[in-house]
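Please read the structure below before turning to the comments.
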Amino acid sequence: MTPTFYPIHVAQDVLDDMVARIRATRWPDDPGNSDWSYGVEEGYLRSLARDWVESFDWRAVEARINAYDNWRVEIDGIPIHYLRIPGKGPTPKPLILTHGWPWSFWDMERVIGPLTDPAAHGGDPTEAFELIIPSLPGYGFSGTVPRAGLTFWQIADLWHRLMTDVLGFERYAASGGDWGALIASQLGHKYAESLYGIHIMHPMLLDQFGTQMPWNVAARAWDTGAKVSPAVTKFAAHFAVHVLDPQTMAYGLNDSPVGLLAWLLERWRAWGDTRDGDGKVTGDPERVFSREHMLANATIYWVTGTAGSSMRAYADAARYPWAPSHDRQPVVEAPVGITFLGGENPPGVKTEDRAALFASGPRASFFNTVYMNAHARGGHFGYYENPEAVVQDLQEVLRQCADNQPLERLQLRSNPPFFP
């Protein structure tokens, strides 16, 4: 398990093939879809594909990625790519940041500077972190997974071995959104003694895929208590396809760059915070991401051939349900900080009410929550959409978990304290 230095370089013939495939796209017709009600609208997708061919500069993105040290290591036969960025402060704490789908490690770019060098961003150098930012197995430069059945809770085991056995940290902190939130929560469940604390967006139950219909997001328990929320429609097709037959979709996405871009784009647009200043949802994905960033992420998925392997995570979570490592309560014993962002508010719920709603809801007892905060701006991709909020909350939750305090003083309480 010796890491190797792994500068990113995509072969030119791979990029040339991608461009040729984009140019050769056989476009479907798209009548009556100016409002995107049938899915991704052709005109916008054509313009983005045109930029991909004519103006997008992968080499410029590649150079920015390589401004950080890229590494690769194999643990239990699973290849893992990661960035390692040292902290600039007297005692930087190790922190592992984990992305989700359809993210990549590069969605964390905007928080790297403030977290590793807070003094350069108006902060306190004593709150610097040493960052480890991996690509999930089956994503991006980690490459495809050589076997079926790798679940988020097994990835947490890989992350723990990466941080302790490979990198030599005795204790560390973890943060994540989407799949990253589940992985960080599993770390806080199984390896609480090794963690300063965890910070998550999307506090989800670790057993949420262990149902009769794991593909049915409408069957999930939501804090509002509503049996079916209109908000779930933006996740319905995503969960159904990824849980039930991701391989079928993989053939198309692995063969057509534009097909891949369309599948990613639909999620970026639907899940990001596209509201304007008056709070109206515009549906403009460029209120969330720059065109370069969308095309950079699509390129990462394309050149690594990981569209199919990344989608399998959902099916495997359903096929291999999570099982607890202990029966203590709360399930996630490590101190937990939670960031809520207003672009993901449930229908009818105000940002200022999010923390109270969670605290009174069915999920609260699952976590040893020591800090919560809600911010008006941002959607599903918080590290990129509202990096200031994420950095603020990450630093605050770790203040609550000073390294000179033993875990026993912070862990299990029947009614955990909340700090909205």
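The values are calculated or read from the model by the stated rules, or taken from the named source; none is laboratory data. Keep in mind it's a predicted model, so treat the numbers as computed, not measured. Positions of Cβ are backbone-derived with ideal geometry, glycine not excepted, and every protein chain shown enters the neighbour counts.
Looking for whichever is free of Cβ contacts under 8 Å to residues at least 12 places away in the same chain and not in a helix (DSSP H, G or I) here; the options are Gly252, Gly337, Gly283, Gly277. Which one fits?
Gly277
Pairs, please: C-beta under 7 Å, at least 6 apart or cross-chain, first residue within 20 Å of Phe235 (Cβ to Cβ) and in the stretch 36-54, second surrounded by 18 or more Cβ atoms within 10 Å (Cβ to Cβ)?
Partner pairs satisfying both residue conditions: Gly39/Glu266; Val40/Ala262; Val40/Leu265; Val40/Glu266.
Would a scan of the stretch 287-308 turn up a residue that is more than 30 Å from Lys190 (Cβ to Cβ), more than 17 Å from the chain's Cα centre (by Cα) and free of Cβ contacts under 8 Å to residues at least 12 places away in the same chain?
For the stretch 287-308, residues more than 30 Å from Lys190 (Cβ to Cβ), more than 17 Å from the chain's Cα centre (by Cα) and free of Cβ contacts under 8 Å to residues at least 12 places away in the same chain: present.
What number goes with the only condition from (1) over 14 Å from Ile200 (Cβ atoms); (2) crowded, with 24+ Cβ neighbours inside 10 Å that Phe367 does not pass?
Failing condition for Phe367: (1).
Taking Trp27 as meeting all but one of (1) among the hydrophobic types (A, V, I, L, M, F, W, C); (2) modelled with pLDDT of 95 or more; (3) under 29 Å from the mean Cα position of the chain (by Cα); (4) exposed (fewer than 14 other Cβ atoms within 10 Å of the Cβ), write down the number of the exception.
The failed condition is (3).
Just to verify a result, which residue in the stretch 325-342, among those that are out of contact with any Cys (no Cβ under 7 Å at 6 or more places or on another chain) and surrounded by 24 or more Cβ atoms within 10 Å (Cβ to Cβ), is farthest from Leu187 (Cα to Cα)?
Here the answer is Leu341.
Condition test on Leu115, is it over 30 Å from Trp263 (Cα atoms), out of contact with any His (no Cβ under 8 Å at 6 or more places or on another chain) and crowded, with 16+ Cβ neighbours inside 10 Å? Steps first, answer last, please.
On the way: over 30 Å from Trp263 (Cα atoms): yes; out of contact with any His (no Cβ under 8 Å at 6 or more places or on another chain): yes; crowded, with 16+ Cβ neighbours inside 10 Å: yes.
Yes; evaluated as a whole, the condition is true for this residue.
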